[in-house]
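Remarks on the structure that follows.
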Amino acid sequence: MVDAKSIAPLLDHTMLVPSGGIESVRKLCAEARAGEMACVFVFPIWVKAAKEFLAGSGVHTGSVVGFPSGAHTTAIKVAEAKQLVTDGAEEIDMVAASCLLTDGRFADYAADIKAVREVIPKSIIFKVIIEAPLLADELITKAAQIAEACGADYVKTATGSQGPTTPEHVETVRKALAGKAKIKASGGIRTGLDAWAMVNAGARRIGTSSAVQVAEEWAKRFGGDFCRR
């Protein structure tokens, strides 16, 4: 269990839709600032703008590598990661290559993650998205353990493009980890009750495009003053 007032610092306010333009980025950042959220997540093209909008706020700027399929070549993922570092991203969420995992190519799956980890400074939070909705429990366990062993700061459950995350996915990841990595739950989280279930299953970050609604409902149900700020 976590203190009911602590949901805002766990929220990654996300806009990863092709139609989102600069005014949408501005609004996203304003909402994250007002709510004192953990991070905003935008496509790589908007990282510099988000950094400017968030300057002095304490809210991190985050972006994605290999999104949403994870089936990019490692060289492309490395190049994306390097560009994000140059542009000032403070958090990077990489989509792992689930196609390699399901083929049983575990060494190649790990090498892809390691190559990206190696070009991201330790000061930048690195999350690996394992796309749990696609995987049986045994492969969720394997994916989480590989990601942790390869230096992930967080194992992230899903992109949201392949179905929603469930508390059971989070619980399976939690049981797989050795304590070096934390868990970010993402994919289909729309309400305070959704977030509550994920946090109590073991998540320590929540990625959602509905962060304001999640925080407001959480405050109404469980206490806290987020929605009054």
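The table below lists the values:
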quantity: Approximate spin-label separation Gln162-Lys175, in nm, with each point projected 7 Å along Cα-to-Cβ; calculated: 2.0 nm
quantity: All Cα pairs of segment 29-158, percent lying beyond 17 Å; calculated: 55 percent
quantity: Max mean-square fluctuation residue, GNM over the chain, Cα-Cα springs under 10 Å, options Ser63, Ser161, Ser19; calculated: Ser19
quantity: Size of charge dipole - the chain - debye, nearest 20, with Cβ of Lys, Arg +1 and Asp, Glu -1, no other charges; calculated: 400 debye
quantity: Rh (Kirkwood; distinct C-alpha pairs) - the chain, Å; calculated: 17.3 Å
quantity: For segment 1-60, Kirkwood radius (reciprocal of mean inverse C-alpha pair distance, Å); calculated: 11.7 Å
quantity: Rg ratio (alpha-carbon, reference 2.2 N^0.38 Å) - segment 108-211; calculated: 1.00
quantity: Length released on extending from Gln83 to Ser69, taking residue separation times 0.36 nm less the Cα-Cα span; calculated: 3.1 nm
quantity: Residue of Ile22, Ile189, Ile125 that the Gaussian network model of the chain assigns the largest fluctuation, springs spanning Cα pairs under 10 Å; calculated: Ile22
quantity: Dimensions in Å of segment 158-229 - Rg and Dmax from alpha carbons; calculated: 12.6, 38
quantity: Cα centre as origin, Lys/Arg/Asp/Glu Cβ charges: segment 100-229 dipole, Debye; calculated: 540 debye
quantity: Alpha-carbon centroid distance for the pair segment 22-62 / segment 123-153, whole angstrom; calculated: 25 Å
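Read the figures in this text as sums done on the coordinates, not as results from a lab. Treat the numbers as computed from the prediction; the structure is a model and nothing was measured. In this analysis, Cβ positions are derived from the backbone assuming ideal geometry, glycine residues included, and neighbour counts consider all displayed protein chains.
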